[in-house]
Amino acid sequence: MDADTIIETVNLTKKYNQYEAVSNLNLKVKEGEIFGFLGPNGAGKTTTLLMLLGLSQPSGGSVKICGLDPLRKAKEVKRIVGYLPENVGFYEDLDAVQSLEYVASLNGIQKNKTEEKINELLELVGLVQDAHKKVGAFSRGMKQRLGIAEVLIKEPSILFLDELTLGLDPEGALRLIDLIHSLNQDKKITVLLCSHNLHQVQRISNRVGIMINGKMVAEGTITSLAKEKFGVGEKEYSLEEIYMEYFQEV
Ligand SMILES: Nc1ncnc2c1ncn2[C@@H]1O[C@H](COP(=O)(O)OP(=O)(O)OP(=O)(O)O)[C@@H](O)[C@H]1O
Ligand SMILES: [Mg+2]
């Protein structure tokens, strides 16, 4: 494992009965980068995330997170990685502060540090005004913000974000994407971002990977993928144009 590689898979494979959802995936994500993980519905992105987290057992190959096998070192990996799934579950009867208190206690945060930490997080995700509103009355965007605050409680060094901005209005989505960018810049958090919103991915990602039918068909910086598909030229290609080129090949 290279010194700056923080996530590495070698021939990672997941079969559901005879169906191969992820095939021989060799992925490397470097410390400090925002990696955009792209691909059509059913490509195998969420399945990959679950294996990276140790929540799903690979059918073949291996995973290392900071050099650790997430199946053997589940506790340590859980400590390092913050995961925001596609559909976050909340206790609808709790308010934002109570929800965060609950997650803080689950993560063993000292009681005397909890209040300060929660205030800081509410400020960071822009939920100060809604601190005492019940989560059941939150909009989708507010829930996503609370979800981010919850995963940040344990101060993870890696974030896995699955469809973070799905269903958010354009302005709310951009604010959230920019928040992720600033977390990456200011707190040096490495981010693996699964998304269908290529414009948002292009805005903040250092490198991207395109998975189709369980295989990574392209991986690199947006510029390098554009060069591969369109050659060197004056025009700057959008990630959408590049993605469609790879997609049409399959
Ligand atoms: N528990 C399961 N049992 C059987 N098949 C599954 C299971 N989970 C996922 N699959 C299959 O594996 C494939 C990959 O699914 P996955 O959820 O990883 O896709 P995805 O890339 O995250 O798609 P999306 O963009 O729609 O979220 C799909 O064909 C799916 O039906
Ligand atoms: Mg998915």
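A short reminder: the numbers here are calculations on the coordinates, not readings from a lab. Bear in mind the structure is a predicted one, so any value in this text is a computation, not a measurement. Cβ sites come from the backbone with ideal geometry, for glycine too, and all protein chains shown count toward neighbours.
Near residue 34, the amide H atoms lying under 5 Å from its own belong to 191, 206, 207; only residues 5 or more places off or on other chains count, and H is placed 1.01 Å from N. The peptide list 122-129, 193-200, put in order of mean Cβ contacts within 10 Å with the highest first, becomes 193-200, 122-129.
Residues 37, 138, 247 in ascending order of nearby Cβ atoms (within 10 Å, fewest first): 247, 138, 37.
Would you mind calculating the gained length between residue 71 and residue 248 on full extension (0.36 nm times residue separation, minus the Cα-Cα distance), in nm to one decimal? Full-extension gain reported as 60.1 nm. As an equivalent ellipsoid, region 167-250 spans semi-axes of 24, 14, 14 angstrom, where each value is the square root of five times an eigenvalue of the C-alpha gyration tensor, largest first. The alpha carbon centroids of region 151-213 and region 55-112 are separated by 17 Å. Full extension of the segment from residue 232 to residue 129, taken as 0.36 nm per residue of separation minus the current Cα-Cα distance, would add 32.2 nm. If the chain linking residue 16 and residue 62 were pulled fully straight, counting 0.36 nm for each residue of separation and taking away their Cα-Cα distance, it would gain 14.9 nm.
Rounded to the nearest angstrom and listed largest first, the equivalent-ellipsoid semi-axes of the chain from its Cα gyration tensor are 31, 22, 16. Can you tell which of 178, 186, 95 shows the greatest fluctuation in a Gaussian network model of the chain with Cα springs below 10 Å? Among 178, 186, 95, the largest mean-square fluctuation in the Gaussian network model of the chain belongs to 186.
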